[in-house]
Amino acid sequence: AQTVTQSQPEMSVQEAETVTLSCTYDTSESDYYLFWYKQPPSRQMILVIRQEAYKQQNATENRFSVNFQKAAKSFSLKISDSQLGDAAMYFCAYRSASGGSQGNLIFGKGTKLSVKP
Amino acid sequence: EAGVVQSPRYKIIEKKQPVAFWCNPISGHNTLYWYLQNLGQGPELLIRYENEEAVDDSQLPKDRFSAERLKGVDSTLKIQPAELGDSAVYLCASSLGRLREQFFGPGTRLTVL
């Protein structure tokens with residue numbers, strides 16, 4: 001079974017600085033997708049960024065980028081120029097690209113990010 | 001375009017009482033998911049629907065939980081009877097297909113006293 005581990009329960013960053021959130025995962029599959037979701041206090045999960053395992057190039061979305069290390073099964077999120085609105089819970093998630101569990105997201109426990117003004 | 005709608009947003013009940021949660025997915029989304037999110041944890045899938053068919057309900061505790069998706073649109077998740085350990089947030093999500101992006105609703109926070 002696949003697992004996702006986020007080893008940082010809480011992180012803090014100064015406004016305008018850069019922060020990196022860590023995520024590792026375990027799988028025997030070769031084809032899969034990885035995601036970072038943001039969950040503000042309103043509880044609505046919002047997709048931040050996604051990465052296809054077959055792509056070597058790291059995904060980037062504006063101030064958000066990932067460092068995908070397939071061999072190490074590591075998938076970290078870098079937030080540049082942090083803003084107060086980035087404060088939230090961040091979840092790393094895995095999704096198989098094959099088999100009956102296709103489409104089912106497996107989440108880590110999350111990292112609570114605080115942004116200091 | 002409206003997002004995923006869930007109601008109620010909050011529900012407080014006594015243990016052993018029944019409770020139901022309702023989800024209206026984004027129009028045209030044939031895949032619907034119910035997730036359970038315990039405090040301090042990530043969401044865990046309870047059940048996935050493809051149209052009106054429950055294609056993955058392996059994590060649904062069937063002794064007390066039930067779900068339905070009549071006509072392949074709205075869905076209802078029911079707990080009967082509720083236990084103290086059921087206190088959590090219940091999230092609904094929908095997508096155009098199981099490999100497409102999932103859009104989440106705001107969830108229902110259940111408190112069982």
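The table that follows gives values for the structure above.
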read-out	value
Quotient of Cα Rg and 2.2 N^0.38 Å for chain B, N being how many residues it contains	0.99
Relative contact order for segment A:45-101, counting Cα pairs under 8 Å that sit 6 or more residues apart, in percent	20
Distance from segment A:53-117 to segment B:24-89 (C-alpha centre basis), Å	24
Selected from B:Leu96, B:Leu77, B:Leu46 as most flexible by GNM, with chain B as the system and alpha-carbon contacts under 10 Å	B:Leu96
Segment B:16-80, relative contact order in percent, only Cα pairs under 8 angstrom and at least six apart counted	37
Taking chain A and dividing mean pair separation by its residue count, relative contact order in percent (alpha carbons under 8 Å, at least six apart)	37
Span per principal axis, largest first, for the Cα atoms of the protein assembly as shown (Å)	48, 40, 35
Calculated SAXS-style log₁₀ I(q)/I(0) at q = 0.10, 0.12, 0.20 Å⁻¹ - chain A, Debye, Cα scatterers	-0.28, -0.40, -1.06
Cβ-based exposure ranking for A:Met11, A:Met45, in which fewest neighbours within 10 Å come first	A:Met11, A:Met45
Least to most buried among A:Tyr54, B:Tyr33, A:Tyr90, A:Tyr25 (fewest other Cβ within 10 Å first)	A:Tyr54, A:Tyr25, A:Tyr90, B:Tyr33
Segment B:49-113, dipole about Cα centre (Lys/Arg Cβ +1, Asp/Glu Cβ -1), debye to the nearest 20	160
Dipole magnitude (debye, nearest 20) for chain A, charges at Cβ of Lys, Arg, Asp, Glu	140
Dipole magnitude of segment A:1-55, debye to nearest 20 (Cβ charges: Lys/Arg +1, Asp/Glu -1, about Cα centre)	200
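Computed from the coordinates by the stated procedures, all read-outs in this text should not be read as laboratory data. These figures come from a predicted structure and were not determined experimentally. Note that we place each Cβ from the backbone using ideal geometry, even for glycine, and neighbour counts take in every protein chain shown.
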